[in-house]
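FYI, it's all coordinate maths here, none of it is from the lab. These figures come from a predicted structure and were not determined experimentally. Here the Cβ positions follow ideal geometry from the backbone for every residue, glycine too, while neighbour counts run over all protein chains shown.
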Amino acid sequence: MSRRPLPPCTLPRRALLRALGLSALASATSAGVGFAFAQKPPAPAGPARRRKVLVVLFQRGAVDGLSMVPPVADKHYYELRPTIAVPPPGKPDGALKLDATFGLHPALAPLSPHWASGALALVHAVGSPDTTRSHFDAQDYVETGTPGLKHTEDGFLNRLLRAAPPVSTGAALGAAPLGKADNPLRALAFSPSLPRILVGPAPAVAISSLDQFKVQAPGMLGAAGGVSGDFEQMYASAVDRALRGTASDAFEASRTLRDIKKDSFPPAHGAAYPTSPLGKRMRQIAQVIEADLGVEMVVTDCGGWDTHVNQGAAKGQLANRLDDLAQSLGAFATDLTDRLADVCVVTVTEFGRTVKENGTAGTDHGHGSVMMVLGGKVRGKKVYGRWRGLAPEALFEGRDVPVTTDHREVWSEVLRAHVGVRDLSAIFPGYATPDGGRLGLFG
């Protein structure tokens, strides 16, 4: 699912950077222009604390929460989905029992050990209070943290970077400037471009993979469609010498990331990552965390969740995507067993799917869906949220799972308990986060 492009900016330096495709350098801000490595975050206050890492995985395309975590005790679920409902526990290809109300899609079985250990929690009927059914608007609202407001310039994780003091790092690879407060690798996106959630003046880097820190630029493609020059070469061609000096940290960061070779920090505890793009990204995220480069936030995504046609039930199109997701996340959690209490993975999607299957054995754009919270001392082995059931009178607009938990409530608990930020007013402006949280995701 493609993302809405950021609004154009007429200021010369911003225009130059966008033309060059240097998404790792430039980011939109409410004040006008921000360069990802030109503005320095505040120095850390007080003694060094144990670093926590937040990993965000965006399921772009609107995943069907009713298939991920089916309400197997609700007769309406099977009446409204005669061909795509996941069979109940105990039946062939049946859901894995979670509690008296819910099951887990059988393709998510690789996550079962982490559910059983209490490292995985699920939140049902969660989403945005805005009722748009547009993928692009809904994704923007989730990533900016300001539902219904289309002109928010920065992403809420960039605001978090500015609100939370950086944590000093041991810099396992010993490379400057990674032990400094202005570490450009505090926030990292495994993505071709900087995702909306990280856009803003605080440092953030977007890379496609550890061994290829490259970006595409107009006029720099070879005959085979590849990039003819790497990051430093592209930047050296820029005519603005003053701007060139602001990116020295970015160059060093890119070289440091390349130093994490494919065989560095091999998977531990028997973790077996799938060879899919998501599996490879999750393995590299684990490598970055193990390398102790000072990374505090990592964002990535996966698509293929817009299942309008032939969605499938326990097997099929959606099941294949869920299997890849579960194998990737399950291997990641196993790999980081020794550090999982300090690493919290949160999955999110823009909205859910309709309760009733459509005429092509699929589902259309809906409202409430599911978020997963893995690791980070979460109080797991529980499905959280305020579940109203699937009776006709309980549905939103007579067709959707109602959103009974604002996604910002989940984020608020994660940011308070895991990241350690108490005042969230600047991160989610206009949203009164419940004091202490009503869900109780963390002990």
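Annotations for the structure displayed:
- Modelled label positions at His76 and Ala341, each set 7 Å beyond Cα in the direction of Cβ, lie 4.2 nm from each other.
- As a rough footprinting exposure proxy, the listed residues Val345, Val86 were ranked by other beta carbons within 10 Å of their own, and the order from fewest upward is Val345, Val86.
- In a fully extended conformation the segment linking Ala109 and Lys150 would gain 10.9 nm over its present Cα-Cα distance, using 0.36 nm per residue.
- Highest mean packing first, where packing is the average number of other Cβ atoms within 10 Å per residue, the peptides 280-286, 69-75 line up as 280-286, 69-75.
- The calculated FRET efficiency for Arg422 paired with Arg388, based on their beta-carbon distance and R0 = 45 Å, is about 0.90.
- Less than 5 angstrom separates the built amide H of Leu104 from those of Leu96, Lys97, Leu98, all sequence-distant by 5 or more or on a different chain.
- For the pair Thr83 and Arg379, the difference between a 0.36 nm per residue extended length and the Cα-Cα distance amounts to 103.1 nm.
- Each of Ile289, Ile197 was scored by other Cβ atoms within 10 Å of its Cβ. Arranged with the fewest first, they read Ile289, Ile197.
- Shape category assigned to the range 288-335 from the gyration tensor of Cα positions, a/c cut at 1.5: oblate
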